[in-house]
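Since the structure comes first, as C-alpha coordinates, the remarks are kept for the end.
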Amino acid sequence: GGKRSGDKGFFIEPTVFSGVGDDMKIAREEIFGPVQSILKFSTVEEAVKRANNTNYGLAAGIITKDINKALMFSQTVQAGSVWINCYDHTLAQTPFGGFKQSGQGRELGPEGVKEYLEVKTVTIALDQKNS
(Lines give C-alpha, C1' and ligand atoms only; values in the text may rest on other atoms or scores of the structure.)
Protein backbone atom coordinates (compact mmCIF):
# COMPACT_ATOMS: atom_id res chain seq x y z
CA GLY A 1 0.00 0.00 0.00
CA GLY A 2 0.88 3.64 0.31
CA LYS A 3 0.47 4.50 -3.35
CA ARG A 4 -1.88 7.19 -4.54
CA SER A 5 -5.34 5.90 -5.44
CA GLY A 6 -6.97 7.63 -8.39
CA ASP A 7 -6.04 10.97 -9.89
CA LYS A 8 -8.41 13.25 -7.95
CA GLY A 9 -8.16 14.22 -4.29
CA PHE A 10 -5.69 12.94 -1.74
CA PHE A 11 -6.52 9.25 -1.53
CA ILE A 12 -4.11 6.39 -0.87
CA GLU A 13 -4.37 2.63 -1.01
CA PRO A 14 -4.81 0.76 2.28
CA THR A 15 -1.46 1.09 4.03
CA VAL A 16 0.26 -0.47 7.06
CA PHE A 17 3.12 1.40 8.75
CA SER A 18 5.40 -0.75 10.90
CA GLY A 19 8.27 0.32 13.12
CA VAL A 20 6.36 3.43 14.18
CA GLY A 21 7.86 5.36 17.11
CA ASP A 22 6.00 7.54 19.62
CA ASP A 23 7.74 10.68 18.33
CA MET A 24 6.62 10.16 14.72
CA LYS A 25 3.88 12.40 13.30
CA ILE A 26 1.81 9.36 12.29
CA ALA A 27 1.73 8.26 15.95
CA ARG A 28 0.98 11.71 17.39
CA GLU A 29 -1.82 12.87 15.08
CA GLU A 30 -5.16 11.51 13.97
CA ILE A 31 -4.96 10.06 10.50
CA PHE A 32 -8.21 9.13 8.82
CA GLY A 33 -8.27 6.63 6.02
CA PRO A 34 -7.26 3.09 5.28
CA VAL A 35 -4.12 3.40 7.42
CA GLN A 36 -2.84 1.21 10.26
CA SER A 37 0.17 2.11 12.40
CA ILE A 38 1.91 -0.71 14.25
CA LEU A 39 3.54 0.23 17.57
CA LYS A 40 5.01 -2.44 19.84
CA PHE A 41 4.49 -2.46 23.61
CA SER A 42 5.31 -4.77 26.52
CA THR A 43 2.37 -4.22 28.91
CA VAL A 44 -1.15 -2.83 28.68
CA GLU A 45 -0.17 -0.19 31.23
CA GLU A 46 2.63 0.97 28.94
CA ALA A 47 0.28 1.07 25.94
CA VAL A 48 -2.27 3.16 27.87
CA LYS A 49 0.39 5.58 29.11
CA ARG A 50 1.70 6.06 25.58
CA ALA A 51 -1.79 6.38 24.10
CA ASN A 52 -2.73 9.00 26.68
CA ASN A 53 0.45 10.98 25.92
CA THR A 54 -1.11 12.60 22.86
CA ASN A 55 -3.43 15.54 22.18
CA TYR A 56 -6.09 13.27 20.73
CA GLY A 57 -8.47 10.63 22.05
CA LEU A 58 -11.16 9.72 19.55
CA ALA A 59 -11.22 5.96 19.98
CA ALA A 60 -9.28 2.98 21.30
CA GLY A 61 -9.59 -0.77 21.15
CA ILE A 62 -8.24 -3.87 22.80
CA ILE A 63 -8.36 -7.53 21.81
CA THR A 64 -8.04 -9.82 24.82
CA LYS A 65 -9.53 -12.85 26.56
CA ASP A 66 -8.88 -11.23 29.96
CA ILE A 67 -12.00 -9.22 30.93
CA ASN A 68 -10.20 -7.59 33.88
CA LYS A 69 -7.47 -6.35 31.56
CA ALA A 70 -10.13 -5.07 29.13
CA LEU A 71 -11.99 -3.21 31.88
CA MET A 72 -8.78 -1.66 33.23
CA PHE A 73 -7.92 -0.53 29.72
CA SER A 74 -11.35 0.98 29.12
CA GLN A 75 -11.25 2.88 32.42
CA THR A 76 -7.75 4.31 32.01
CA VAL A 77 -7.40 5.10 28.31
CA GLN A 78 -8.43 8.66 27.45
CA ALA A 79 -10.71 8.00 24.49
CA GLY A 80 -14.33 8.83 23.75
CA SER A 81 -15.10 5.33 22.48
CA VAL A 82 -13.48 2.09 23.56
CA TRP A 83 -14.10 -1.18 21.76
CA ILE A 84 -13.28 -4.53 23.32
CA ASN A 85 -12.71 -7.48 20.99
CA CYS A 86 -14.09 -5.48 18.06
CA TYR A 87 -13.45 -2.10 16.47
CA ASP A 88 -15.55 0.75 15.07
CA HIS A 89 -18.80 -0.94 16.07
CA THR A 90 -21.12 2.05 16.38
CA LEU A 91 -24.87 2.01 16.94
CA ALA A 92 -27.33 4.90 16.59
CA GLN A 93 -28.15 4.60 20.33
CA THR A 94 -24.56 4.97 21.51
CA PRO A 95 -22.88 8.39 21.69
CA PHE A 96 -19.76 8.87 19.60
CA GLY A 97 -17.12 11.56 20.09
CA GLY A 98 -13.61 12.04 21.35
CA PHE A 99 -11.64 13.36 24.28
CA LYS A 100 -9.11 16.20 24.20
CA GLN A 101 -8.71 17.65 20.69
CA SER A 102 -10.72 14.90 19.04
CA GLY A 103 -13.84 16.93 18.49
CA GLN A 104 -16.35 18.64 20.68
CA GLY A 105 -19.63 17.20 21.85
CA ARG A 106 -21.12 13.91 20.79
CA GLU A 107 -22.90 12.49 17.79
CA LEU A 108 -25.60 9.83 18.04
CA GLY A 109 -27.50 8.71 21.13
CA PRO A 110 -29.32 11.05 23.52
CA GLU A 111 -26.13 13.08 24.04
CA GLY A 112 -26.03 13.84 20.30
CA VAL A 113 -29.62 15.08 20.31
CA LYS A 114 -28.91 17.35 23.29
CA GLU A 115 -26.41 19.27 21.12
CA TYR A 116 -29.41 20.64 19.18
CA LEU A 117 -31.50 21.60 22.21
CA GLU A 118 -31.56 24.81 24.21
CA VAL A 119 -32.80 24.57 27.80
CA LYS A 120 -35.03 27.33 29.10
CA THR A 121 -36.58 27.89 32.53
CA VAL A 122 -39.89 29.78 32.71
CA THR A 123 -41.22 30.83 36.13
CA ILE A 124 -44.66 32.37 36.52
CA ALA A 125 -46.00 33.90 39.74
CA LEU A 126 -49.76 33.30 39.91
CA ASP A 127 -52.24 34.82 42.31
CA GLN A 128 -53.38 32.28 44.86
CA LYS A 129 -57.08 32.04 45.59
CA ASN A 130 -58.28 30.99 49.03
CA SER A 131 -61.06 28.46 48.77
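Summary table
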| item | result |
| --- | --- |
| Conditions (1) open to solvent by 60 Å² or more (accessible area, probe 1.4 Å); (2) more than 21 Å from G112 (Cα to Cα); (3) part of a loop (DSSP other than H, G, I, E, B); (4) among the hydrophobic types (A, V, I, L, M, F, W, C); number of the one not met by L71 | (3) |
| Candidate set: the range 7-38, residues that are touching a helix residue (DSSP H, G or I) at 6+ places or on another chain (Cβ under 8 Å) and open to solvent by 60 Å² or more (accessible area, probe 1.4 Å); chosen: the one modelled with the lowest pLDDT | F17 |
| Residues of the range 39-68 that turn out to be open to solvent by less than 80 Å² (accessible area, probe 1.4 Å) and under 23 Å from S18 (Cβ atoms), as a count | 17 |
| Subset of the range 48-78 [modelled with pLDDT under 95, aliphatic (A, V, I, L, M) and under 20 Å from K25 (Cα atoms)] | A51, L58, A59, A60 |
| Total residues in the range 96-124, condition under 23 Å from I31 (Cβ atoms) and surrounded by 13 or more Cβ atoms within 10 Å (Cβ to Cβ) | 11 |
| Any pair with Cβ under 7 angstrom, 6 or more apart, that starts in the range 70-96 at a residue that is of a type in the set (G, A, S) and ends at one that is open to solvent by 60 Å² or more (accessible area, probe 1.4 Å) | A79/F99; G80/F99; A92/L108 |
| Residues located in the range 28-62, provided they are more than 21 Å from I84 (Cβ to Cβ), part of a loop (DSSP other than H, G, I, E, B) and among the hydrophobic types (A, V, I, L, M, F, W, C) | I31, F32 |
| Cβ-Cβ under 7 Å pairs, at least 6 apart or on other chains, the range 46-69 side within 24 Å of G105 (Cα to Cα), far side of a type in the set (S, T, Y) and open to solvent by less than 30 Å² (accessible area, probe 1.4 Å) | Y56/S102; G57/S102; L58/S102; A59/S81 |
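The values are calculated or read from the model by the stated rules, or taken from the named source; none is laboratory data. Here the structure is a predicted model, which means the values were calculated and not measured. Positions of Cβ are generated from backbone atoms using ideal geometry, with glycine treated the same way; all protein chains shown enter the neighbour counts. The accessibility values were calculated without ligands, DNA or RNA, using every heavy atom of the protein model including side chains. Shrake-Rupley method; radii C 1.70, N 1.55, O 1.52, S 1.80 Å.
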